[in-house]
């Protein structure tokens, strides 16, 4: 449990630092969002959140996390990605991934990388629906589809 707390605290500190940098850079386009996903490796859905923190006109920090609704134990993933807007509405990206699984007081954390691509639209001035695919390469490999809404801060 202590390692989960440490990982969560490090992710929170890194996200806050990145958020402060992005807000100073371009406060009008920083976004926070919620997401639903389905991981085809574990065959379970997940719920989570992400930040979209611009650092250049087409480049953004894209930290995210999800808790998967598994039958036994617990599973969550944390991602530290960079997103590149190729052309509206298409984006691609990648970064680091941590997946932690616990069953009956036995836990395992795998570190790896993500490759992602998606489409992001716009509804009104503040709401951005998105759909994305993510390949997770760590101890094994997995494919995940996700969708959600981001809201301009």
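Assorted remarks:
- Test result for residue 51, at pLDDT 95 or above and either in a helix (DSSP H, G or I) or under 21 Å from residue 93 (Cα atoms) (or both): yes
- The residues of segment 77-130 that are touching a residue at least 60 places away in the same chain (Cβ under 8 Å) and either surrounded by 19 or more Cβ atoms within 10 Å (Cβ to Cβ) or within 17 Å of residue 60 (Cα to Cα) (or both), listed by number, are 78, 80, 128, 130.
- Test result for residue 73, at pLDDT below 95 and either more than 18 Å from residue 133 (Cβ to Cβ) or in contact with a helix residue (DSSP H, G or I) (Cβ under 6 Å, 6 or more places away or on another chain) (or both): yes
The values are calculated or read from the model by the stated rules, or taken from the named source; none is laboratory data. Nothing here was measured: the structure is a model prediction, and the numbers come from that model. Counting neighbours? That spans all protein chains shown, and the Cβs are built from the backbone with ideal geometry, glycine included.
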